[in-house]
1. Looking at the stretch 164-221 only, could you name the residues that are among the small types (Gly, Ala, Ser) and either modelled with pLDDT under 80 or surrounded by 15 or more Cβ atoms within 10 Å (Cβ to Cβ) (or both)?
2. Show the residue pairs meeting these rules: Cβ distance below 6 Å; 6+ apart or different chains; first residue within the stretch 22-33 and closer than 17 Å to Leu49 by Cβ; second residue of a type in the set (D, E, K, R) and not in a strand (DSSP E or B).
3. Tell me the residue from Thr92, Thr105 that is within 29 Å of Phe154 (Cα to Cα), at pLDDT below 90 and touching a Phe, Trp or Tyr at 6+ places or on another chain (Cβ under 8 Å), please.
4. So which residues in the stretch 96-118 are surrounded by 11 or more Cβ atoms within 10 Å (Cβ to Cβ) and of a type outside the set (Val, Ile, Thr)?
5. For residues that are farther than 15 Å from Val53 by Cα and among the aliphatic types (A, V, I, L, M), tally how many sit in the stretch 187-202.
6. Which of (1) at pLDDT below 95; (2) within 22 Å of Arg93 (Cα to Cα) does Ile161 not meet, given it meets every other one?
7. Just name the residue that is surrounded by the most Cβ atoms within 10 Å (Cβ to Cβ) out of those in the stretch 119-154 that are hydrophobic (A, V, I, L, M, F, W, C) and under 14 Å from Tyr97 (Cα atoms).
Amino acid sequence: MNFDNGQLVIILAPFMDYEIYATVKQIMNENIILEMKADMEVPIGKEFLCIVVDNESVFEFYTQIDGRNGNYIFIKKPAVGGYSAIEKRKFTRVDCYIGFIATPTSINNIAINSKDKKFTGIIRNISGGGVMIESNLNLPKEMNFEFKLKLNFFMDCKAKIIRTEEIGKDIYHSGCEFIDNSIENIKNISLYTFKEKLKQKRRELNQRIPKGGKVILNGET
């Protein structure tokens with residue numbers, strides 16, 4: 001991974017009940033200078049989890065803040081190989097359990113008279129690019145459908161079945177991609193999935209902290 005000016009950085013720590021959002025301003029030999037998006041208290045000299053959002057990936061590493069000057073903070077630069085990829089997809093995908101009612105609109109670009117045709121299911125995971133749904137139907141590939149997606153509010157969405165597989169008796173999983181999705185919908189879904197990822201990372205981080213308060217790094221006991 002290469003550090004570049006303007007990258008988004010999120011700082012998490014089990015002793016903080018908030019996240020610090022910042023952007024990379026300068027890369028030095030031993031430190032990276034970040035500009036915080038808001039004036040916040042920072043944990044000088046303590047270990048924390050740093051998440052860097054790249055154009056196509058999300059990386060994490062453990063480090064510490066060496067100093068601060070106004071809204072600028074100086075974090076210790078990780079050694080080569082001292083970070084790991086969290087997500088290599090174009091969109092971050094998270095598990096979820098969201099019910100929906102859908103209306104089929106076409107199969108292989110042939111319109112369906114869907115006035116009285118609806119099906120229900122559960123969204124099992126979601127990203128800005130699509131969803132994986134669970135239903136009791138062997139939904140055909142290339143079928144388009146419309147549904148209302150409920151996150152923090154309802155959004156009108158359209159999707160296309162890419163594949164369907166049976167995972168149990170009368171239980172099917174269908175991978176779907178969003179079609180004709182608005183930029184606003186993509187932003188809202190991506191923001192939802194990213195916040196869910198942060199919640200997951202915070203839970204994982206809290207589980208790594210013994211009573212003494214020191215982060216257990218990979219390979220340590």
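The values are calculated or read from the model by the stated rules, or taken from the named source; none is laboratory data. Just so it is clear, the structure is predicted and the values come from calculations on it, not from any experiment. Positions of Cβ are backbone-derived with ideal geometry, glycine not excepted, and every protein chain shown enters the neighbour counts.
1. Ser174, Gly175, Ser190, Gly212, Gly213, Gly219
2. Hits for this filter: Ile32/Lys77.
3. Result: Thr92 is the single residue among Thr92, Thr105 that is within 29 Å of Phe154 (Cα to Cα), at pLDDT below 90 and touching a Phe, Trp or Tyr at 6+ places or on another chain (Cβ under 8 Å).
4. Selection gives Cys96, Phe100, Ala102, Pro104, Ser106, Ser114, Lys117, Lys118.
5. Number of matching residues: 1.
6. (1)
7. My answer is Ile133.
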